[in-house]
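To start, the structure itself, in structure tokens.
The values are calculated or read from the model by the stated rules, or taken from the named source; none is laboratory data. In this text the structure is predicted, and so the values were computed from the model without any measurement. Here the Cβ positions follow ideal geometry from the backbone for every residue, glycine too, while neighbour counts run over all protein chains shown.
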Amino acid sequence: MAYIVTDYKVSGKGRVEICLDGKETLWLYAKEARQLSLEEGMELPEGQYRHILHEVIGRRAVKRAMHLLERQERTEHQLREKLAQSGYPGEAIEDAVAYVRRYHYLDDARYARTFIRYHQEKSSRQRLEQDLLRRGVPRDIITQSMEEEYSSDEKAKIHRLLEKKHFVPGTADQSEMRKIYGFLMRRGFRSADIASVLRTGWEE
């Protein structure tokens, strides 16, 4: 199988946009394109296409992934999104993800455990689960991580949050009560737990 370079366009930052068969687009640096002798209208053999995809772009995707993970820990879903936004094709993204996963730079279970450990004092179980799902962590990993890391006393957490806000149940007016109730709901706490704490104060 061979591909036809149907478009060869020089863009900013010394990059070249190469369109194959009018469908797939590859981004290369101008120096790379010159070294590969690429030009519009030429036929690109399957072997050379695979070389570009994995040995050139794929290796660059690995470096980009490493850079992103050095700056902050991410989930696999977040990393894939970042690489796609940078224009890396699917197979190059797979190369990068496989590499960083192999050397444990990327680990959704570790991410979930750390996230739960760090945020559980301020958030409910439900809120933590929702936040991790939004970050693309698989549900089975979230469930296992919750079992390992989560402290289940929701009412105690509500108490601690109210203490930090210097809020004492029984001394606030209706407006203040509505505000604090809304604050706790946004944290993902159950309405029954919130009502119980606000009703009974610090006695439980």
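Applying the selection to segment 1-22, what residues are assigned to a loop (DSSP other than H, G, I, E, B) and either within 21 Å of A61 (Cα to Cα) or β-branched (V, I, T) (or both)?
S11, G12, K13, G14
Which residue, of E129, E121, is acidic (D, E) and either in a helix (DSSP H, G or I) or over 27 Å from the mean Cα position of the chain (by Cα) (or both)?
Matching residue, one of E129, E121: E129.
Scan segment 34-49 and report the pairs whose first residue is at pLDDT 90 or above and whose second residue is in a loop (DSSP other than H, G, I, E, B), with Cβ atoms within less than 8 Å and a gap of 6+ or a chain change.
As it stands, the answer is L44/L38; E46/M1; Q48/L36, since those pairs meet every condition given.
Of G22, G90, which residue is modelled with pLDDT under 90 and outside the structural domain of M185 (by TED's automatic domain parsing)?
Result of the check over G22, G90: G22.
Yes/no per residue for (1) of a type in the set (S, T, Y); (2) outside any helix (DSSP H, G or I); (3) within 30 Å of T114 (Cβ to Cβ):
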| site | (1), (2), (3) |
| --- | --- |
| I158 | no, no, yes |
| E176 | no, no, no |
| A192 | no, no, yes |
| S196 | yes, no, no |
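L79: of a type outside the set (D, E) and either outside any loop (DSSP other than H, G, I, E, B) or surrounded by fewer than 17 Cβ atoms within 10 Å (Cβ to Cβ) (or both), yes or no?
yes
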